Protein chains: 2
Amino acid sequence: MSKALVVLSGGQDSTTCLYWAINKFGRENVSSLTFDYGQRHKIEIESAEKVAEMAAVSNQVLPINTFSALGGNALTADIDIQQTADSDAANEKSYLPNTFVPGRNLIFLTFAAAYAYQRDIENLVIGVAQTDYSGYPDCRENTLNSLEQTLRLGMEYNITIHSPLMNLSKACTVELAVKLGAMDAMAYTHTCYEGTQPPCMKCQACILRAKGFAEANVADPLIERCRFFHNC
Amino acid sequence: MSKALVVLSGGQDSTTCLYWAINKFGRENVSSLTFDYGQRHKIEIESAEKVAEMAAVSNQVLPINTFSALGGNALTADIDIQQTADSDAANEKSYLPNTFVPGRNLIFLTFAAAYAYQRDIENLVIGVAQTDYSGYPDCRENTLNSLEQTLRLGMEYNITIHSPLMNLSKACTVELAVKLGAMDAMAYTHTCYEGTQPPCMKCQACILRAKGFAEANVADPLIERCRFFHNC
């Protein structure tokens, strides 16, 4: 059985992908990689480490100090996050939400491929979805297909990028996570743009997550955990 | 006239590309970007800054701490550089020289594209050549064509990658540099794997450089400068 590396952000989608990979490749063949790229909230990295621990797979945190040096976006810099992008104009560069870090997933996957290359891992798994509200162009299927080809040529290595959530709605992603037994770990994931636990439930990320769980008619284990312990 | 960003390593090839870009796009439209990626010798970065100064274009140094964290190659780690790779077996991953950093140029160009995106620069220029001895797969034309397509899709941005040295021999690159008036700056470039000035003249990089200048019947201004000043 070939080996797989999951890009694990500590969020709902990458956690679902981790369990998808365990199901497909076998737990002993799966490892995870988390990027410390200057995200505003270190809780994301702690969540990834906790999720990997609960899934009993190894996790490596790899630093990237370049995005902060590039500057200019709300996910790494001290800029207010726009809660809405003008989705009618999503093809226009200036109308992308200011959480857009140009090429972020391209960089993540290229570093992941370099890491995989050195360890004879031939499968990368990432939790992007083109059904997402954001319109990020580096989350689309045609971008990832092109990147896979670029990585194969540029490393002379037979790497495959899997994005099992690509065409799933948030509700379907929740159903998949339930089916894969990811709910215990899901209680430790982090989604909120504000970086708080309990989550703020007001930011775009919290609203999207809540909508997915509601439509799937599943209680969000993170909310349950926060209720039970009063704080997390 | 559109703007151009040159990936400037401080070596002979990227310096030639800087002058190529000035010739093609006009000095006022050209800027340069140097990566501080944990290379063994900081003299490379100093050379890039000096070359940019001599060419009267701006230079930005951008840090990447990820390659050192990935480890395992001779250009960033404390590993002896192999002087020869088995070129008959260059398609086999294990026979690439241990100076191969998997995906290095893919990462450089993707970060350069992100930098360019934020500044409305639509042209990237890089000094890679598939005629090089090394057989690095991320220096080949088909890799860069594929990457250009990936960047266009992943950033929704009309970026073009120029690699003017792609199919030139080292001798032709020297002739081009002479024609473009790059020789004054060439005296401050750095090539030697050992990181010394005067260059060691024994490593593979020094030998390749000397061969190019000899075949073009041009004196290397770096050697002239070192002779004149006894040290650099």
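Quick check on this structure: which one of A:LEU151, A:LEU144 is more than 29 Å from A:LYS42 (Cα to Cα) and open to solvent by less than 40 Å² (accessible area, probe 1.4 Å)?
From the options A:LEU151, A:LEU144, the qualifying one is A:LEU151.
Test A:THR191 against the stated conditions and say whether it is of a type in the set (S, T, N, Q) and under 22 Å from A:PHE35 (Cβ atoms).
yes
Of the conditions (1) surrounded by 15 or more Cβ atoms within 10 Å (Cβ to Cβ); (2) closer than 30 Å to A:GLY26 by Cβ, A:GLU194 fails just one. Which one is it?
(2) is the only condition that A:GLU194 fails.
Which of the numbered conditions does B:ASP138 fail, given that it passes all the others? Conditions: (1) at pLDDT 95 or above; (2) not β-branched (Val, Ile, Thr); (3) not in a loop (DSSP other than H, G, I, E, B).
So B:ASP138 meets the others, but not (1).
Going by the conditions given, is A:ILE126 modelled with pLDDT of 95 or more and either within 9 Å of chain B (Cβ to nearest Cβ) or out of contact with any helix residue (DSSP H, G or I) (no Cβ under 8 Å at 6 or more places or on another chain) (or both)? Steps first, please.
Details: modelled with pLDDT of 95 or more: yes; either within 9 Å of chain B (Cβ to nearest Cβ) or out of contact with any helix residue (DSSP H, G or I) (no Cβ under 8 Å at 6 or more places or on another chain) (or both): no.
Judged against the criteria, A:ILE126 is not a match.
I'd like to check which helices (runs of 4 or more DSSP H) are fully inside segment B:162-227 and have at least 1 residues that are within 23 Å of B:ARG140 (Cβ to Cβ), touching a Ser or Thr at 6+ places or on another chain (Cβ under 6 Å) and free of Cβ contacts under 8 Å to residues at least 60 places away in the same chain.
Hits in segment B:162-227: B:204-216.
Considering only residues that are within 11 Å of the chain's Cα centre (by Cα) and aliphatic (A, V, I, L, M), which ones fall in segment A:1-32?
The first filter runs over segment A:1-32 and keeps only residues within 11 Å of the chain's Cα centre (by Cα), leaving A:6-18.
Across segment A:1-32, the qualifying residues are A:VAL6, A:VAL7, A:LEU8, A:LEU18.
In this structure, does B:ILE45 turn out to be free of Cβ contacts under 8 Å to residues at least 60 places away in the same chain and open to solvent by less than 10 Å² (accessible area, probe 1.4 Å)?
No: the conditions fail for B:ILE45.
The values are calculated or read from the model by the stated rules, or taken from the named source; none is laboratory data. All of these numbers come straight from a predicted model, not from anything done at the bench. Reconstructed Cβ throughout: ideal geometry from the backbone, glycine too, with neighbour counts over all protein chains shown. Ligands, DNA and RNA are stripped out before the accessible areas are found, and what is left, the full protein with its side chains, is counted by its heavy atoms. Shrake-Rupley method; radii C 1.70, N 1.55, O 1.52, S 1.80 Å.
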